[in-house]
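I have placed the structure first, in the form of structure tokens, so that the comments after it can refer back to it.
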Amino acid sequence: MTESLKSSIATLRDMIQGARIVAGFTGAGISTESGIPDFRSPGSPWMRNKPISFELFLQDPEARRVAWRRKFTMDDLYSGARPSAGHIGFASLVASGRMPAVITQNIDGFHQESGLREDQVIELHGNGTYAKCLSCGGRHELAYVRYHFERNSDPPECMVCGGILKSATISFGQAMPEEPMRRAQTLTAACDLFLVAGSSLVVFPAAAFPAFAKENGARLVILNREPTPLDQAADLVIHAEIGEVFSEFIA
Ligand code: NAD
């Protein structure tokens, strides 16, 4: 590890120790070391297919079949993935009492798997580990949806109201979830340190939270392999691997 990275990690440690309320904010980059590729790095499998918009999903049964087929293919590909040093690092920051919750753009559920309670994770883009009815909001497990899909070549209807089931993620064109957005706003307004890890900070409205934290007087730290549009505004920028930083940090 370079001297400059060691010094940045020491500064990060001091900033966290000196903070009253730290807001955590993560993106796809925190899960690459778990084995799940991010969205924008070269060769991304997520860019291979044209995304199915929410509108198309609602209108077209064939689009729904394609969406479910893609989903199960991706799930199989990354079924061995587990939380990374970064997830464990964030869980330990929450356990320390300084970080009330982690705001995440991720849909993989790894913050919960690394030990955080549901109320300690604010999911801006939903969760891909289960399905939801678009009419009544009822939760359905993926194993059930898949069982039905593989036998009937069609996803099942909601067991409660007969509505359309969809992975509980937010698709292009779908409204942002109200409660997580409200909670993210409250935490961002309250924090005096906002820590970003593994996000290109180009997806809106999610990327507005770090900018708002800074405008509101919080200090901003960005830990990301590559530069982001908010680097100029940040108090500390660490261009490094999340695992390397958190392994050192936890130690
Ligand atoms: P992004 O792909 O736009 O950006 C990820 C950033 O993380 C990149 O700038 C990359 O350089 C950096 N990065 C990757 N691995 C890193 C590492 N080990 N250490 C440090 N930096 C690393 O991701 P985003 O900003 O979160 O936006 C993409 C959207 O795609 C989000 O909405 C997210 O929901 C979705 N997505 C989620 C997952 C997931 O849940 N695991 C995976 C892919 C995409």
Helical contribution to [θ] at 222 nm, DSSP H n ≥ 4, -39,500 (n - 2.57), averaged over the chain, rounded to 500: -11000 deg cm²/dmol
What ranking do 102-113, 86-97 get when scored by the average of other Cβ atoms within 10 Å per residue, highest first? 102-113, 86-97
Of all accessible surface on the chain at a 1.4 Å probe, what whole percent is carbon and sulfur? 53
Tabulate in residue order the Karplus-calculated ³J(HN,Hα) for segment 202-209, using 6.51 cos²θ - 1.76 cosθ + 1.60 with θ = phi - 60°, rounded to whole Hz; enter x for Gly and Pro. 10, 9, 9, x, 3, 5, 6, 5
Over the chain, with neighbouring protein chains present, the accessible area per residue in Å² at probe 1.4 Å is 49
Theoretical FRET efficiency, 1/(1+(r/R0)^6), r = Cβ-Cβ of TYR147 and PHE204, R0 45 Å, to 0.05: 0.75
Can you list, bin by bin at 10 Å, the percent of alpha carbon pairs in the chain, starting at 0? 7, 30, 34, 19, 8, 1
Helix 142-152 sits at what angle to the longest principal axis of the chain, using alpha carbons and giving 0 to 90 degrees rounded to 10? 30
Of all DSSP beta bridges in segment 1-159, what percent run antiparallel (nearest 5)? 35
For the chain, give the magnitude of the charge dipole about the Cα centre (Cβ charges: +1 Lys/Arg, -1 Asp/Glu; no others), in debye to the nearest 20. 300
Once you have the Cα-Cα distance between GLU244 and SER4, take 0.36 nm times their residue separation minus that, and quote the gain in nm to one decimal. 85.1 nm
Percent breakdown of C-alpha pair distances by 10 Å bin, ordered from the shortest bin, for segment 92-170: 19, 39, 26, 12, 3
What distance in nm lies between label points placed 7 Å from Cα along the C-beta direction at MET176 and TYR78? 2.2
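If you keep only loop residues by DSSP, which GluC sites (Glu not before Pro) in segment 6-66 have at most 16 other Cβ atoms within 10 Å of their Cβ?
Passing both the DSSP loop test and the Cβ count: no residue.
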Picking from LEU223, MET181, PHE194, whose Cα lies most toward the positive end of the charge dipole for the chain (charges on Cβ: Lys, Arg +1; Asp, Glu -1)? MET181
For ARG40 and ARG69, FRET efficiency with R0 = 25 Å and r from the beta-carbon atoms, rounded to 0.05? 0.55
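The values are calculated or read from the model by the stated rules, or taken from the named source; none is laboratory data. Being a predicted model, the structure only gives us computed values, none of them experimental. Every residue, glycine among them, receives a Cβ derived from its backbone with ideal geometry; neighbour counts consider all protein chains shown. Calculation scope for accessible area: heavy atoms of the full protein, side chains included, ligands and nucleic acids excluded. Shrake-Rupley method; radii C 1.70, N 1.55, O 1.52, S 1.80 Å.
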